[in-house]
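Beneath this line is the structure, given in structure tokens, with notes to follow.
The values are calculated or read from the model by the stated rules, or taken from the named source; none is laboratory data. Everything numeric here is computed off the predicted structure, so don't read it as measured data. Methodologically, a virtual Cβ is constructed for each residue, glycine included, from the backbone with ideal geometry; neighbour enumeration extends over all protein chains shown. Please note that ligands, DNA and RNA were not included when accessible areas were found on the heavy atoms of the full protein model with its side chains. Shrake-Rupley method; radii C 1.70, N 1.55, O 1.52, S 1.80 Å.
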Amino acid sequence: MSTPFLSVRDLRVHFSTEDGAVKAVDGLSFDVERGKTLGIVGESGSGKSVTNLTILGLHHPEHTRIEGEILLDGQDLLTAPERELERLRGNKMSMIFQDALASLSPYHTIGKQIGETYRKHTGASKREARARAVEMLTKVGIPQPDLRVDDYPHQFSGGMRQRAMIAMALVCDPALLVADEPTTALDVTVQAQIMDLLKDLQQETGTSIIFITHDLGVIADIADDVLVMYAGRCVERGTKKEVLRAPQHPYTWGLLGSMPTLEGPVDVPLSPIPGTPPSLLNPPTGCSFHPRCAFTEQVGGTRCSTELPLLHLSDGRGSACHLTAEQRSEFFADFAGTRPN
Ligand code: SF4
């Protein structure tokens, strides 16, 4: 078996606050293969973004306790000095954020911002960096790139700004791209264009992608493998087909049930997951999902509220739930029967 390009093992990210430790990520392990896309899905506050900011070394060390191991192409990022992380960021690993307007500087042209990243990592001249910026804007489909390269971010539409962010993230041909809800703020047609663009660029360059989203529809479009997060932990993992076609965890069923579909009658109501995500300052005991779960009685006794279910994986597939395999099949069949295919 080949070594994964990115390997995260038992990652814990705890923030100290006046009220105590916030366990934003609590024992997370996963791999990302070369040239593949891992979709990380979960509600706000599930630890998705914290995980990825940690991979890129973007947490302030003073108030953050980080444990575990993050190996990028064999190099441990958690023990790497800041100078080395700076060399890797923008070069070997890169990130696209949700809000391009907030992430781009309003004071510099798009071309300068793309070019500066390129110059920093390659030592290219200003002229070469400008030419590279035009090349990247062409690649991400900006019309008249040789003119638009001198525009400021506010002169671009939302979709064009997101394309410019992608151009900036990919200017040094990173081997790992982290995309944090990059299409959430865009309308659906632009969203589809950006996803197609990412898939084309990945085919061309072989970049590995971590795609963070709360939207299983987006996962269905772009991911090879899927990791479902809840309260700082992985509750389900598998290939896209496994997780979307035969999900095993009640939380994943809840995410699917709250997602609209185009098939079937239009009056099928969505079923939102009751309650809200837990506070990570004082997460529920046992299974963190138990206050919102409809299946605790089927497990029986107080097991769900007292015993943490462990994630058991076989060939990268599995979930963290006390229900038996037979119960999961039965309850999922009931759930699937209420949904159009
Ligand atoms: Fe629900 Fe219990 Fe499974 Fe947690 S362990 S998801 S509470 S059935």
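Miscellaneous remarks
- The residues in the stretch 196-254 that are acidic (Asp, Glu), within 16 Å of the ligand (Cβ to nearest atom) and open to solvent by 50 Å² or more (accessible area, probe 1.4 Å) can be counted, and the count is 0.
- Some residue of the stretch 79-89 being open to solvent by less than 80 Å² (accessible area, probe 1.4 Å), in contact with a helix residue (DSSP H, G or I) (Cβ under 7 Å, 6 or more places away or on another chain) and not β-branched (Val, Ile, Thr): no
- Scanning the stretch 62-77 for residues that are buried (at least 16 other Cβ atoms within 10 Å of the Cβ) and at positive phi yields GLY68, ASP73.
- For THR252, the test of being under 30 Å from LYS199 (Cα atoms) and of a type in the set (Ser, Thr, Tyr) is passed.
- Within the stretch 190-213, the set of residues being more than 17 Å from the chain's Cα centre (by Cα) and either in a loop (DSSP other than H, G, I, E, B) or among the hydroxyl-bearing types (Ser, Thr, Tyr) (or both) comprises THR205, GLY206.
- Qualifying residue in the stretch 43-52 (condition: modelled with pLDDT of 95 or more and open to solvent by 30 Å² or more (accessible area, probe 1.4 Å)): no
- Any hit, the stretch 54-61, residues being open to solvent by 50 Å² or more (accessible area, probe 1.4 Å) and either assigned to a strand (DSSP E or B) or farther than 18 Å from ILE210 by Cα (or both): yes
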